[in-house]
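Data first, discussion second: the structure below is written as structure tokens.
The values are calculated or read from the model by the stated rules, or taken from the named source; none is laboratory data. Remember, predicted model here, so these are calculated numbers, not experimental data. A quick note on method: Cβ atoms are made from the backbone with ideal geometry, for glycine too, and the neighbour counts reach across all protein chains shown.
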């Protein structure tokens, strides 16, 4: 009988293991959404840096040519539509904007979300980033309401 009294416990009880799993689950539930927000913010910052880098070249182009460049003038401003792997860049002469549209397969953004730099009538550039992202010097785009499902046809 004395042989059983001196035996040491050699493992964890089921309750101890369940508590450890629960603690890890709680930590993961907090950390994963925070990491996703961090990735979104970093991708938006990279897109803003790419688009903002073109504004000086566009200002120089406007000073030389007298008009806002179009997509056909990418090489004149030292740019290419695919110069950032996160999305494609487009120039709009009517609204005087440079827009990077995120590609869903290369980014955490979906639904064609964009980063837009707009040249105002005062000559200053303003920055708009996707909804839910806060970057210094940029404003968040207005949230678009979800599209309601179409009712089935009889």
**Q.** In region 58-74, residue farthest from the chain's Cα centre (by Cα) [restricted to those that are part of a loop (DSSP other than H, G, I, E, B) and either within 21 Å of residue 131 (Cβ to Cβ) or touching a residue at least 12 places away in the same chain (Cβ under 8 Å) (or both)]
**A.** 67
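Results for (1) without any contact (Cβ under 8 Å) to a residue 24 or more places away in the chain; (2) outside any loop (DSSP other than H, G, I, E, B); (3) touching a helix residue (DSSP H, G or I) at 6+ places or on another chain (Cβ under 7 Å), shown as yes or no for each residue.
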{"residue": "33", "(1), (2), (3)": "yes, yes, no"}
{"residue": "40", "(1), (2), (3)": "no, yes, no"}
{"residue": "53", "(1), (2), (3)": "yes, yes, no"}
{"residue": "56", "(1), (2), (3)": "yes, yes, no"}
{"residue": "76", "(1), (2), (3)": "yes, yes, yes"}
Q | Subset of region 25-73 [farther than 25 Å from residue 137 by Cβ and surrounded by 13 or more Cβ atoms within 10 Å (Cβ to Cβ)] | A | 70, 73
Q. Does region 93-115 contain at least one residue that is in a loop (DSSP other than H, G, I, E, B), in contact with a strand residue (DSSP E or B) (Cβ under 6 Å, 6 or more places away or on another chain) and at pLDDT 90 or above?
A. yes
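Out of all the residues in region 82-92, which are touching a residue at least 40 places away in the same chain (Cβ under 8 Å) and out of contact with any strand residue (DSSP E or B) (no Cβ under 9 Å at 6 or more places or on another chain)?
Restricting attention to region 82-92, the residues satisfying the condition of being touching a residue at least 40 places away in the same chain (Cβ under 8 Å) are 86-87.
Listed by number, the list is empty, since nothing qualifies.
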Q | Selected residue (criterion: farthest from the chain's Cα centre (by Cα)) from residues of region 117-133 that are touching a residue at least 60 places away in the same chain (Cβ under 8 Å) and surrounded by 15 or more Cβ atoms within 10 Å (Cβ to Cβ) | A | 119
Q: Using the structure shown, decide if residue 47 is part of a helix (DSSP H, G or I), modelled with pLDDT of 85 or more and out of contact with any helix residue (DSSP H, G or I) (no Cβ under 9 Å at 6 or more places or on another chain).
A: yes
